[in-house]
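The values are calculated or read from the model by the stated rules, or taken from the named source; none is laboratory data. This is a predicted model, so every value here is computed, not measured. Reconstructed Cβ throughout: ideal geometry from the backbone, glycine too, with neighbour counts over all protein chains shown.
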């Protein structure tokens with residue numbers, strides 16, 4: 001079995017399938033880890049979801065912010081400013097709604113392999129979490145809410161920009177605020193202040209911002225960053241770029257902006273890419 005890690009697909013089905021063919025991916029023998037953001041922006045989000053659902057036993061997925069938007073809108077959450085026509089159009093398909101209700105909403109926010117010492121989430125691992133049990137517990141809490149009968153009221157809360165929580169407060173958060181921080185940390189984080197508090201607005205690469213205060217999340221000390229190989233997506237402006245430590249691997253290489261879709265092979269430690277056409 002070969003283990004592959006792929007960055008944000010964003011609906012680029014043709015490039016996704018071409019890249020799988022390039023590496024001779026076999027869904028009966030191999031395993032595909034995906035950093036989330038399966039949909040939106042690209043032309044074939046529907047095909048991406050159809051295909052991944054068909055090979056779901058071979059997939060280890062984490063939810064990205066765009067995947068959460070899809071789940072949120074499928075519930076009828078209207079307190080958000082989400083009006084992506086691609087996402088809205090997906091919900092007209094009854095099969096897509098079935099995939100959401102039976103599979104997508106049950107996916108976690110972090111994937112973990114204890115033996116290989118691998119962690120994967122959409123945005124990374126916040127420096128405020130220094131214990132693996134905290135990370136797994138937070139992911140499980142969010143998963144239980146996202147797949148619960150009361151999930152709509154939680155989505156209504158986190159989709160309201162007035163309620164963006166960026167400080168874990170040493171595990172003292174409860175209720176809606178706790179859920180908001182977990183979602184922000186796993187799916188939206190890029191920069192942090194020196195104390196680890198999330199900064200939710202800046203997107204550009206470190207060399208392109210004028211700040212002596214903000215730091216990429218992976219530049220703030222955390223013992224877990226040395227114990228595990230951490231895979232993440234979400235931050236296309238990094239473009240590889242040599243910004244991350246050796247064992248922290250960003251895989252969103254900007255496919256949806258006309259750049260590349262990238263896969264990393266665990267066993268050989270090699271990258272494989274294909275250029276996306278927009």
Exercise for review: Could you tell me which residue of segment 40-51 is nearest to residue 65 (Cα to Cα), considering only residues that are at pLDDT below 95 and surrounded by 21 or more Cβ atoms within 10 Å (Cβ to Cβ)?
Suggested key: 40
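Residue-by-condition table, conditions (1) part of a helix (DSSP H, G or I); (2) modelled with pLDDT under 95:
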| position | (1), (2) |
| --- | --- |
| 24 | no, no |
| 28 | no, no |
| 32 | no, no |
| 37 | no, no |
| 53 | yes, no |
| 73 | yes, yes |
| 80 | no, yes |
Review point. Is it true that residue 244 is in a loop (DSSP other than H, G, I, E, B), within 18 Å of the chain's Cα centre (by Cα) and more than 23 Å from residue 113 (Cβ to Cβ)?
Key: no
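Within segment 221-241, how many residues are farther than 20 Å from residue 65 by Cβ and in a strand (DSSP E or B)?
1
Conditions tested, residue by residue: (1) assigned to a helix (DSSP H, G or I); (2) surrounded by 14 or more Cβ atoms within 10 Å (Cβ to Cβ); (3) in contact with a helix residue (DSSP H, G or I) (Cβ under 7 Å, 6 or more places away or on another chain).
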position	(1), (2), (3)
135	yes, yes, no
138	yes, yes, yes
149	no, no, no
176	yes, yes, yes
179	yes, yes, yes
183	yes, yes, yes
189	no, yes, yes
210	no, no, no
218	yes, yes, yes
Practice item. Scan (1) buried (at least 16 other Cβ atoms within 10 Å of the Cβ); (2) out of contact with any strand residue (DSSP E or B) (no Cβ under 6 Å at 6 or more places or on another chain); (3) touching a residue at least 60 places away in the same chain (Cβ under 8 Å) for the single condition residue 142 breaks and write down its number. Key: (3)
Check your understanding: What number of residues within segment 85-110 satisfy the criterion of being modelled with pLDDT under 90 and in contact with a helix residue (DSSP H, G or I) (Cβ under 7 Å, 6 or more places away or on another chain)?
Key -> 3
Practice item. Could you tell me which numbered condition residue 167 fails, if it satisfies all but one of (1) over 18 Å from the mean Cα position of the chain (by Cα); (2) outside any loop (DSSP other than H, G, I, E, B); (3) at pLDDT 95 or above? Key: (2)
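Table: residues versus (1) surrounded by fewer than 17 Cβ atoms within 10 Å (Cβ to Cβ); (2) under 20 Å from residue 13 (Cα atoms).
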{"residue": "221", "(1), (2)": "yes, no"}
{"residue": "231", "(1), (2)": "no, no"}
{"residue": "236", "(1), (2)": "no, yes"}
{"residue": "241", "(1), (2)": "yes, no"}
{"residue": "246", "(1), (2)": "yes, no"}
{"residue": "257", "(1), (2)": "yes, yes"}
{"residue": "261", "(1), (2)": "no, yes"}
{"residue": "266", "(1), (2)": "no, no"}
{"residue": "270", "(1), (2)": "yes, no"}
Exercise for review: Taking residue 69 as meeting all but one of (1) more than 20 Å from the chain's Cα centre (by Cα); (2) crowded, with 17+ Cβ neighbours inside 10 Å; (3) at pLDDT below 95, write down the number of the exception.
Suggested key: (1)
Point to revise | Given (1) assigned to a loop (DSSP other than H, G, I, E, B); (2) without any contact (Cβ under 8 Å) to a residue 40 or more places away in the chain; (3) under 18 Å from the mean Cα position of the chain (by Cα), index of the condition residue 252 fails | key: (2)
